[in-house]
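A short worksheet on the structure shown next.
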Amino acid sequence: MKFLLAAAAIVLPIASHAGPKLIDVVGLIPGVSDAQQVRQASAQPTSTDDGVFLEIGGIKIPCITDFLNGRLAAMTCFTGSSGSSKYTRESNQQVFEELVAGWTRKFGVPDKTERQKVRTRAGVEYEQLSVSWMDASGNRLEIANMMQSVTQGLISIRSADALRKEALEEGQRNAAKKF
């Protein structure tokens with residue numbers, strides 16, 4: 001029995017986090033990279049301070065950034081008809097498949113995969129897929145093949161600090177609700 005407890009004490013801390021040690025997308029690390037590093041990673045100049053075009057997996061993708069204490073807190077990138085269609089021929093589904101394959105090679109099997117049936121107004125049914133990785137620091141990378149429409153996809157990168165801040169703000173909003 002003592003041997004089993006000792007073995008469990010050794011294995012449990014190792015098994016507590018199976019995801020990547022550190023999430024980085026084209027060298028950008030949530031909670032670490034600053035605005036200068038984000039601008040340097042941009043595939044082309046943009047007209048706004050909070051927007052960049054990143055070349056991820058050979059695909060130019062428009063992204064919006066947000067900083068917390070001077071560090072990259074959040075980055076939201078758009079694929080498909082509203083996003084990268086001006087810069088690439090790939091559909092949001094093709095971008096999703098390409099990036100999931102690349103990030104799975106880089107980070108390992110996603111920590112979470114969600115599948116949901118969605119239906120258009122015309123009644124056509126699709127499968128919405130979302131996969132995510134969480135690193136040892138609590139930073140999260142998520143990609144969805146469809147968001148808001150069947151022709152638009154989304155990539156979301158959030159630092160651990162941004163996730164904590166978002167959870168705190170949501171808790172405060174929920175606590176302030178009066179019924």
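The values are calculated or read from the model by the stated rules, or taken from the named source; none is laboratory data. Note that the structure is predicted; figures quoted are calculated from it, not measured. Cβ: placed from backbone, ideal geometry, glycine included. Neighbour counts: every protein chain shown.
A few notes on this one:
- One residue from ILE143, ILE157 being in contact with a Lys or Arg (Cβ under 8 Å, 6 or more places away or on another chain) and closer than 24 Å to ASN92 by Cβ: ILE157
- The number of residues in the range 125-141 that are touching a residue at least 24 places away in the same chain (Cβ under 8 Å) and either under 27 Å from LEU72 (Cα atoms) or not hydroxyl-bearing (Ser, Thr, Tyr) (or both) comes to 11.
- Scanning the range 151-179 for residues that are surrounded by 19 or more Cβ atoms within 10 Å (Cβ to Cβ) and among the β-branched types (Val, Ile, Thr) returns ILE155, ILE157.
- Subset of the range 115-135 (residues that are of a type outside the set (Gly, Ala, Ser), outside any strand (DSSP E or B) and out of contact with any Gly (no Cβ under 7 Å at 6 or more places or on another chain)): THR120, ARG121, VAL124
- If you go through the range 99-150 and pick out every residue that is surrounded by fewer than 19 Cβ atoms within 10 Å (Cβ to Cβ), over 23 Å from GLY31 (Cβ atoms) and among the polar types (S, T, N, Q), you end up with 6.
- Any hit, the range 67-90, residues being at pLDDT 95 or above, of a type in the set (Lys, Arg) and not in a loop (DSSP other than H, G, I, E, B): yes
- For the range 27-46, the set of residues classified as of a type in the set (A, V, I, L, M) and either part of a helix (DSSP H, G or I) or under 12 Å from CYS63 (Cα atoms) (or both) consists of ALA35, VAL38, ALA41, ALA43, listed by residue number.
- Enumeration of residues in the range 102-154 that are closer than 22 Å to LEU22 by Cβ and among the aromatic types (Phe, Trp, Tyr): TRP103, PHE107, TRP133
- Enumeration of residues in the range 142-179 that are in a strand (DSSP E or B) and not basic (Lys, Arg): GLU142, ILE143, ALA144, MET147, SER149, GLN152, GLY153, LEU154, ILE155, SER156, ILE157
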